[in-house]
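What follows is one structure encoded as structure tokens, with my remarks underneath.
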Amino acid sequence: MRVAVVGGGVSGLTAAYRLRTRLGDTATITVLEADGVLGGKLRTAEVAGVRFDVGAEAFLSRRPEALELIRETGLADEVVHPTPARSTVCAGGRRVPLPGGTMMGVPGSADAVAGVLSERGREMVAAEPGLPPVSLGEEDVALGGLLRSRFGDELVDRLVDPLLGGVYAGGADGLGLRATLPALASAIEGGAGSLTVAAASLLPAPAKGSPGTPVFGTLTGGLGTLVDRLAELAKPDLRLETRVVALRRRETGWTLETGHGETLDADAVILAVPAPAARRLLDGVVPEASEALSRIELASMAVVALALPPGTELPDASGVLISAGERHRDGTPFAAKAFTFSSRKWAHFAGGPVFVRGSVGRFREPGALRADDTELVRLVRADLAELTGITAAPVDVVVTRWGGGLPQYGVGHLGLVERAERAVSGLPGLAIAGAALHGVGVPACIGTATAAAEAIVAGIAP
């Protein structure tokens, strides 16, 4: 059995690992990765001599896929969870604690967001349950439009957009309700007459005597540790710096053509690449899937990792989100959309250099991304000084750019994914996986990869 996995990110490597466990050592599993390194958006770099994540820095631990895979691959002892330090948000010219009692910024009560909003904004939230009941049709609706019509602009601009920007690098106006907050949509369809009531019904009950289940987790050696372990266990024929430029169907399998002019025959193929690459490869092979994936837009971003001198005092917070409309005192806009005070957020960074991550880039607003690395670092350091007063020169800096790194889950996204998956499933020995399908987080990517591998195995079972 010969299976080609196109894409060496966490989705592709998970698929390769799953195939190896199911097909055994006799199968030939080839992983083709256009970049020179594995991992995709999971990238751990050496910053001031310390392994530090410059892509995704954590996984959602309340979803099972990532934790289960980590335990299965023998990395459970490296799992850590954030410290109790709370995140903050810069909104309305103030840096305030990120409120609890919300679902991605949608409040379960007016009191929950009183510290972030003006009195007028709080009054609009308080009045929302008294508005006519929310009615959702069969199609998805724009999240931003719905929230603005019920709560006003302030809640969206000051709280919801900064939170969504951390996940998608896009704001509520360009995202779909069902695609991004399916539980909230389900609560409304289940009878919650208002968004406030729907959000309140989904919030976890207050913990009694214990901190409850941690929301996020990571690995002490960086998430790149999981990448390395998957590659080790999958034992693939690994081909880095090898871009697949064409996919052709044969009578009993597939032929892949690389940018080096080479061809590779396979019995089955898993495409675990971003939507634009999958679209190009499926064009002419599965036209309906190609067309559907072509409609998924992407946002670019960058991570500026700063290692500050030991002893540098960080704010007593895990980080700060920055609303799009916020300005420096001189009126210039912030370049960053968020900072993570990593040495506050993760206890394993205690001692040695003090780590901070600056995130830059919003959908359709390249802004500071146009700057070269030197200027981008200067802008991010200026933002950090404005927000925290920290002006210490870093002992090391790593800039990592993610061009087209984050798919946008716009209105109609679920329908596009359904069309693509249905069309692909009609061809034996072909499957797709990745962040463009059912979630951009690590657990969701692992889930799509597992499903793709199972589909391939099921298709060849005697």
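Data table
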read-out: Selection within the stretch 42-89 - crowded, with 20+ Cβ neighbours inside 10 Å and basic (Lys, Arg); value: ARG43
read-out: Subset of the stretch 412-462 [of a type in the set (Val, Ile, Thr) and under 25 Å from MET1 (Cβ atoms)]; value: VAL424, ILE432, ILE446, THR448, THR450, ILE456, VAL457, ILE460
read-out: Flag if LEU67 is under 19 Å from the mean Cα position of the chain (by Cα), farther than 23 Å from ALA336 by Cα and not hydroxyl-bearing (Ser, Thr, Tyr); value: yes
read-out: Scope the stretch 111-169; condition modelled with pLDDT under 95 and aromatic (Phe, Trp, Tyr); matching residues; value: TYR168
read-out: Scan of the stretch 143-199 for residues that are out of contact with any helix residue (DSSP H, G or I) (no Cβ under 6 Å at 6 or more places or on another chain) and outside any helix (DSSP H, G or I), ordered by number; value: ALA169, GLY170, LEU181, GLY190, GLY191, GLY193
read-out: ASP383 vs. criteria at pLDDT 95 or above, of a type in the set (Asp, Glu), on the phi < 0 side of the Ramachandran plot and surrounded by 22 or more Cβ atoms within 10 Å (Cβ to Cβ); value: yes
read-out: Residues (β-branched (Val, Ile, Thr) and free of Cβ contacts under 8 Å to residues at least 12 places away in the same chain) located in the stretch 367-395; value: THR374, THR391
read-out: Residue in the stretch 100-108 that is in contact (Cβ under 8 Å) with a residue 12 or more places away in the chain, in contact with a strand residue (DSSP E or B) (Cβ under 7 Å, 6 or more places away or on another chain) and surrounded by fewer than 18 Cβ atoms within 10 Å (Cβ to Cβ) present; value: yes
read-out: Residue identified as assigned to a strand (DSSP E or B) and either under 22 Å from TYR409 (Cβ atoms) or of a type in the set (S, T, N, Q) (or both) among ALA299, ALA277, ALA292; value: ALA299
read-out: Residue that is nearest to MET1 (Cα to Cα), among those in the stretch 253-278 that are free of Cβ contacts under 8 Å to residues at least 12 places away in the same chain and among the β-branched types (Val, Ile, Thr); value: THR255
read-out: The stretch 353-366, subset in contact (Cβ under 8 Å) with a residue 60 or more places away in the chain and part of a strand (DSSP E or B), residue nearest to ASP161 (Cα to Cα); value: ARG362
read-out: Selection within the stretch 246-274 - part of a loop (DSSP other than H, G, I, E, B) and polar (S, T, N, Q); value: THR252
read-out: Tabulated pairs, the stretch 328-346, first closer than 17 Å to ASP316 by Cβ, second among the aromatic types (Phe, Trp, Tyr) and buried (at least 24 other Cβ atoms within 10 Å of the Cβ), C-beta under 6 angstrom, 6+ apart or interchain; value: SER342/PHE355; SER343/PHE355
read-out: Subset of the stretch 1-58 [among the β-branched types (Val, Ile, Thr), in a loop (DSSP other than H, G, I, E, B), in the same structural domain as VAL273 (by TED's automatic domain parsing) and within 20 Å of the chain's Cα centre (by Cα)]; value: VAL37
read-out: Members of the stretch 1-37 found to be within 30 Å of LEU306 (Cβ to Cβ) and either surrounded by fewer than 23 Cβ atoms within 10 Å (Cβ to Cβ) or touching a Pro at 6+ places or on another chain (Cβ under 6 Å) (or both), listed by number; value: ALA34, ASP35, GLY36, VAL37
read-out: Which listed residue, of ARG279, ARG327, is surrounded by fewer than 23 Cβ atoms within 10 Å (Cβ to Cβ) and outside the structural domain of THR448 (by TED's automatic domain parsing); value: ARG327
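The values are calculated or read from the model by the stated rules, or taken from the named source; none is laboratory data. It should be emphasised that the depicted structure is a prediction, and the values quoted were computed from it without experimental measurement. Here Cβ is always computed from backbone atoms with ideal geometry, including for glycine, and neighbour counts include all displayed protein chains.
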